[in-house]
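K.L.:
Sharing a structure, written as structure tokens. Questions coming.
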Amino acid sequence: MTTPARRRKKAAPKTFKAAYGILKTNAAELQQQDEPDIDNLMTTVEESITAYRVCETRINAVQQALDAAFSEEEKTENSDN
């Protein structure tokens, strides 16, 4: 009896697009499994958590930039009155 090969843990993604791609791929793989791949589950979960954190960081950065931009715009509009 052979044991399934373990997946190697990948390096952390550097961009939102790469991280989002990992999340989509891992979610699709988990949904399509008839039987859970317990041997690789922790690797998949750890990889997904890392990817999620990259996405969360980028989304928060964009939100802060938008908030700052709108706040600055409001200040400009209010000072014109």
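The values are calculated or read from the model by the stated rules, or taken from the named source; none is laboratory data. Remember, predicted model here, so these are calculated numbers, not experimental data. Positions of Cβ are backbone-derived with ideal geometry, glycine not excepted, and every protein chain shown enters the neighbour counts. Heavy atoms of the whole protein, side chains included, go into the accessibility calculation; ligands, DNA and RNA do not. Shrake-Rupley method; radii C 1.70, N 1.55, O 1.52, S 1.80 Å.
K.L.:
If the chain between residue 60 and residue 34 were fully stretched, how many nm would it gain, using 0.36 nm times the residue separation less the Cα-Cα distance?
P.N.:
5.8 nm
K.L.:
Ignoring everything except DSSP H segments at least 4 long, calculate the 222 nm mean residue ellipticity for the chain; use -39,500 (n - 2.57) per segment, divide by total residues, nearest 500.
P.N.:
Details: 2 runs with 59 residues, N = 81.
About -26500 deg cm²/dmol.
K.L.:
Build a GNM of the chain with springs between Cα atoms under 10 Å: which of 41, 66, 30 gets the top mean-square fluctuation?
P.N.:
Looking only at 41, 66, 30, the largest GNM fluctuation is found for 66.
K.L.:
Connecting C-alpha atoms closer than 10 Å in a GNM of the chain, tell me which of 46, 56, 35 has the biggest fluctuation.
P.N.:
Most flexible of the set in this elastic network: 35.
K.L.:
Pairing the Cα long axis of helix 16-32 with the longest principal axis of the chain, what angle in degrees results, from 0 to 90 and rounded to the nearest 10?
P.N.:
Once rounded, the angle reads 40 degrees.
K.L.:
Roughly how many nanometres apart are two label points built 7 Å out from the Cα toward the Cβ at residue 41 and residue 76?
P.N.:
5.3 nm
K.L.:
Carbon-plus-sulfur fraction of the accessible area of the chain, 1.4 Å probe, in percent?
P.N.:
Working: 3740 of 6950 Å².
That share works out to 54 percent.
K.L.:
Along the charge dipole of the chain, which of 61, 36, 79 sits closest to the positive end, that is, farthest toward it, with unit charges on the beta carbon of Lys, Arg, Asp and Glu (+1, +1, -1, -1)?
P.N.:
Comparing the listed Cα positions along the dipole, 36 ranks first.
K.L.:
For region 42-53, take each phi angle, set θ = phi - 60°, evaluate the Karplus expression 6.51 cos²θ - 1.76 cosθ + 1.60, and give the result in whole Hz per residue in order, putting x for glycine and proline.
P.N.:
Once rounded to whole Hz, the list reads 5, 4, 4, 5, 4, 4, 5, 5, 4, 5, 4, 5.
K.L.:
Can you compute 3J(HN,Hα) from phi for each residue in region 33-40, using the Karplus curve 6.51 cos²θ - 1.76 cosθ + 1.60 with θ = phi - 60°, rounded to whole Hz and x for Gly and Pro?
P.N.:
6, 6, 10, x, 8, 4, 4, 10
K.L.:
I want to verify a result. In a Gaussian network model of the chain, Cα cutoff 10 Å, which of these has the top mean-square fluctuation: 54, 62, 45?
P.N.:
Of 54, 62, 45, the Gaussian network model singles out 62 as fluctuating most.
K.L.:
What number of lysine-lysine pairs in the chain show an alpha-carbon separation below 26 angstrom, given a sequence spacing of 8 or more or placement on distinct chains?
P.N.:
Lysine pairs meeting the criterion: 4.
K.L.:
Taking only protein heavy atoms and a 1.4 Å probe, what accessible area per residue, in Å², does the chain have with all protein chains in place?
P.N.:
86 Å²
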